[in-house]
1. Hey, what angle do you get for helix 283-296 against the long axis of the chain, alpha-carbon based, 0 to 90 degrees rounded to 10?
2. Placing unit charges on C-beta atoms (Lys and Arg positive, Asp and Glu negative, everything else neutral), compute the dipole magnitude of the chain about its Cα centre in debye, rounded to 20.
3. Helix 5-31 against the longest principal axis of the chain: what's the angle in degrees, Cα atoms only, rounded to the nearest 10?
4. Quote the FRET efficiency, to the nearest 0.05, computed for residue 37 versus residue 272 with a Förster distance R0 of 30 Å and r equal to the Cβ-Cβ distance.
5. How tilted is helix 121-136 with respect to the longest principal axis of the chain? Cα atoms for both, answer in degrees (0 to 90, nearest 10).
Amino acid sequence: MVQNPRMSKHKFSLIWIALFLLIACGARAQQLPSAITTDPAPDKDYPAAVEAPDIPSHGVRLNSVLYLASGAGAHPTVVLLHGFPGNEKNLDLAYTMRRAGWNVLIPHYRGSWGSGGDFSFANAMEDTQAVIDFLRAATNAKRYRIDPNRIVLMGHSMGGFMAAFAGAHDPQIAGVAMISAWNIGPTVLRPADHGRADSYRNASPRLAGTTPDGLMTEARENAAKWNYLDCVDSLKTRPALIMESNDRNVPDNHAMAEALRNAGNSLVTERHIATDHTYSDHRIALQIAILEWLASLPAPPVK
C-alpha cells in the first residue's frame, strides 16, 4: 500500500505531539514532592509509628495523636491545630509531612474530641502552649525523637489563629503556617456576616461545656486583644506561610501577609488556592504548598 505523503506527515505530527505530552506529563510528575507519591524505606530500628500521648493542660488530659517519622535522630515536628470545632482534621497533611521526615502532633483542645474539660477560646490558647511545653520536655523529646529547636505551628481556620497567637508569645517557635485562618476578634464584631453566628451555632453542639451565645460573648469581650494582626511584630523575623482559599477569611489572611511584609519580614509565603474553606477538591495542591514551604525553612544550625 502506497501512503499518501500528507497522511505520513500527519502521522508524524501526531507522534511528536504524543511524545511531547508524555514528556510534559513526566516532567510534571517529577515536580511533585516525593512525599506525595512515595513511602520512605522502612526503618526496622526506628519505624514510622502512631502514638497517642496524654498531654496535661491545666489539670485535664488532652487527647492527641502523634505521627512519628521513621529514622533515628531528632526530627523536626509540626503541631497541626484543627479548627472550630475540628470536623476537618487534615490527616492527609499529617501523613504527607511524616513521609517528608516530620513528626506531626494533632492535639484536641479541652472539651473537644475526647479531651477533658470544657472548650473555650481562652482554654484553646492555653492548651496550645501546653502542647508545645510537652514536646520540649526532655523525656518526651527523647522518647518521640523530637528536635525541640525545630517546632513549627500549623493551623487551619481557628487553628490558624491559635498558631499565630502561640507563635507570637513563644520566640523559640521555628515557623508559623496559617491555613485560611479565622481572625476571632474582628469577625465577631462585623455586622456584614452577623458576627459569624452560623459558625457558633454549628460548632457549639460538638464541644463540651459551651453554648453559641457563651462563645460569642467570650469572643466579643476579648475582641480587642484577639486580633492576629497584633502578632505581626513578634512574628516579623520568622518564616510564615499564609494559605488562602475562596472563603470569607481572605481579607484577614491577606492583611496578615501584607502586615508581615510591611514589618520587614522577608520570609513570608502567601498562596491562594481557588477552592472552599476545607480545600475539598485541592488536597494535593495544599499538600504540595505545605511541603514546599517546609522544605524552604532554614536548616538547623550545625552543632
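Every read-out reported here was derived from the displayed coordinates using simple, explicitly stated rules and does not represent laboratory data. The model shown is predicted, which means the values in this text are computed figures rather than measured ones. Don't worry about glycine lacking a Cβ; one is built from the backbone with ideal geometry, like all the others, and counts go over all protein chains shown.
1. Around 80 degrees separate the two axes.
2. Numbers: 28 positive and 28 negative charges, 220 e Å.
In debye, rounded to 20, the chain gives about 1060.
3. The angle comes out at about 30 degrees.
4. Values: r = 24 Å, r/R0 = 0.81.
Rounded to the nearest 0.05, the efficiency is 0.75.
5. 70
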